[in-house]
1. If the Cβ limit is 8 Å and pairs must be 6+ apart or interchain, which residue in the stretch 22-38 that is among the polar types (S, T, N, Q) pairs with which residue that is not in a helix (DSSP H, G or I)?
2. Quick check on the stretch 256-286: of everything there that is of a type in the set (Gly, Ala, Ser) and assigned to a helix (DSSP H, G or I), which residue is surrounded by the most Cβ atoms within 10 Å (Cβ to Cβ)?
3. Checking the structure you have, find out if any residue of the stretch 46-59 is within 20 Å of the chain's Cα centre (by Cα) and part of a helix (DSSP H, G or I).
4. Does residue 65 satisfy being modelled with pLDDT of 90 or more, out of contact with any Cys (no Cβ under 8 Å at 6 or more places or on another chain) and assigned by TED's automatic domain parsing to the domain that holds residue 132?
5. For residue 194, are the conditions met, namely being in contact (Cβ under 8 Å) with a residue 60 or more places away in the chain, of a type in the set (S, T, N, Q) and closer than 25 Å to residue 301 by Cα?
6. May I ask you to list the residues in the stretch 8-31 that are part of a loop (DSSP other than H, G, I, E, B) and at pLDDT 90 or above?
7. Quick check on my filter: what residues within the stretch 56-105 are hydroxyl-bearing (Ser, Thr, Tyr) and either surrounded by 15 or more Cβ atoms within 10 Å (Cβ to Cβ) or under 30 Å from residue 126 (Cβ atoms) (or both)?
8. How about the stretch 248-261: which of its residues are farther than 10 Å from residue 278 by Cβ and at pLDDT below 90?
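The values are calculated or read from the model by the stated rules, or taken from the named source; none is laboratory data. Computed from a predicted structure; not experimentally measured. Using ideal geometry, Cβ is built from the backbone for each residue, glycine included, and neighbour counts are taken over all protein chains shown.
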Amino acid sequence: MQKDVLLPGDVAGSYNEHWTKTFDLKFLILWLILFAILLTWTISFDPGLFTAKSFFLRSAVKLSIMMFLSLFGGMVCRYYCHVDDKGYILSSKNKWFKVNYTRKIQHFAAYLVPLLSPPTEPLGILPHLWESLFVLFMFLILIKPVREFSKFFMIQFNSLDRVEDRPNTLKWIVLGNMLPGLLIITIFKQIFETYLNLPDLAAVVVFTVAIGDGFAEPVGTYLGKKKYVVPSWNMKNRYVRSYAGSACVYFFALLFLVLYRGQFSNPTEFWTAIVLFPPIMTLAEAFAPHSMDTPIMMLIGFSLLFGICSFL
């Protein structure tokens, strides 16, 4: 295997650099700026949202679920792996258990938990943006000074810290995955609600990405005999994927289209989606750079379903 190709379990770096010289400080500043913008926007155009106590209560419950799942994932990691004196997971490519698997639990929670909203939930883009900011806060509390101060938060960080992504784990998750992914979900969920009157159809894309891509990694690791490589989003290294893993995306894309077939307005929309959506989503996952596959798949998937439901 070439030196620039990293396999699951290959350690790519460490966290020795001071946190003020890393992405962690930039992330803190970015979150505070986004909070100030969203606070000003809400006060100016929709101050009544602050009186929707049930919305913020449900948001707190959703975030508690996310925190519990990440804590559970971190405990699983520590059960199967040793940690160093700071609490970071010690792993290798020869060990059967990989942090890659528990990381998918975190992604699953981050993208799917916000969808668990009752019909009475406030509609509009502002509530969606607030929920996205709350989700980002779950990653903000995992920056280096916080996680190294508290074992509780370090265990949560363990659940997503792929050793082949170090020292860029949090940077790639936030900039290459969560921030664009949540923004895309927020925009298209609003579009599906406002212009198509099909808010639940957005779940097809989110489930396909979260579950299909989530199963792709373990299936590819154990059943994927034929491999191929993709670049990282900074183009410095390459990472391995498998055809068996990519096939998971096709299967779950097909499955969720069938489960949500009642959301389509007519049979033409449904059958067109059956023909186009699974293979296009599979190709999107196959060719997307490492740690950027989620937002790319979402952008393509949402755009495709919007086009089908708008013109057929």
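1. 22/167
2. If we take residues in the stretch 256-286 being of a type in the set (Gly, Ala, Ser) and assigned to a helix (DSSP H, G or I), then 273 is surrounded by the most Cβ atoms within 10 Å (Cβ to Cβ).
3. yes
4. Against the criterion (modelled with pLDDT of 90 or more, out of contact with any Cys (no Cβ under 8 Å at 6 or more places or on another chain) and assigned by TED's automatic domain parsing to the domain that holds residue 132), residue 65 does not qualify.
5. So residue 194 does not fit the description; no.
6. 15, 16, 17, 18, 22 - these are the residues of the stretch 8-31 that are part of a loop (DSSP other than H, G, I, E, B) and at pLDDT 90 or above.
7. 59, 64, 70, 80, 88, 91, 101, 102
8. If the condition is that a residue be farther than 10 Å from residue 278 by Cβ and at pLDDT below 90, then 248 is the only one that fits.
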